[in-house]
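First up is the structure itself, then whatever we jot down about it.
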Amino acid sequence: MLVLLLLQAMRVDSLPLGRNQPFYHVLVDDRDRSPPGSVTYVAQENIATVRGQTQVEHPLIDDYFKGFEDGQYVPTERMREQYPQRAQGTEG
């Protein structure tokens, strides 16, 4: 029941791909939203890759990434083990 209420509140069924797509937890840059440390749940179709020299300011960054090189984050060893295809630069 709670899941259905969440789906309705997020208007998931009004998205072009609706529920038939992956959803991701996203660390929101503290400069973009208050309160600090916000995490949101986002449909894949609403995510765009942005590469650049600007790092995200978020208190949980160090839990997932060990550095920032050439415009992208370097995952921690734990994240590499959990997502080996992505760590190698391939989708999966």
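Hey, what do the phi angles of the range 38-55 turn into as Karplus ³J(HN,Hα) couplings, whole Hz, using 6.51/-1.76/1.60 and θ = phi - 60°, x for Gly and Pro?
5, 10, 10, 10, 10, 5, 3, 5, 9, 10, 10, 6, 10, 10, x, 9, 8, 8
Using +1 at the Cβ of each Lys and Arg and -1 at the Cβ of each Asp and Glu in the chain, identify which of Phe65, Leu6, Val28 lies farthest towards the dipole's positive end.
Leu6
For every other residue with a beta carbon closer than 15 angstrom to the beta carbon of Gly52, add +1 if it is Lys or Arg and -1 if Asp or Glu, then tell me the sum.
-3
For the range 42-61, list residues with backbone N below 19 Å from a point placed 7 Å from the Cα of Thr76 toward its Cβ?
56-61
Pairs of Cα atoms under 8 Å, at least six residues apart: use those to get the relative contact order of the chain, whole percent.
17
What are the ³J(HN,Hα) values, in whole Hz, obtained from phi via the Karplus relation 6.51 cos²θ - 1.76 cosθ + 1.60 with θ = phi - 60°, for each residue of the range 17-31 in sequence order, with x given for Gly and Pro?
9, x, 7, 8, 7, x, 10, 10, 7, 10, 7, 8, 4, 4, 6
Over every pair of different alpha-carbon atoms in the chain, take the mean of 1/r and invert it; report that Kirkwood radius in Å.
The answer is 15.2 Å.
Taken together, the values in this text are just the output of simple stated rules run on the coordinates, not laboratory data. What you are looking at is a predicted structure, and each value in this text was computed from that prediction instead of being measured. As a convention, Cβ positions derive from the backbone with ideal geometry for all residues, glycine included, and neighbour counts pool all protein chains shown.
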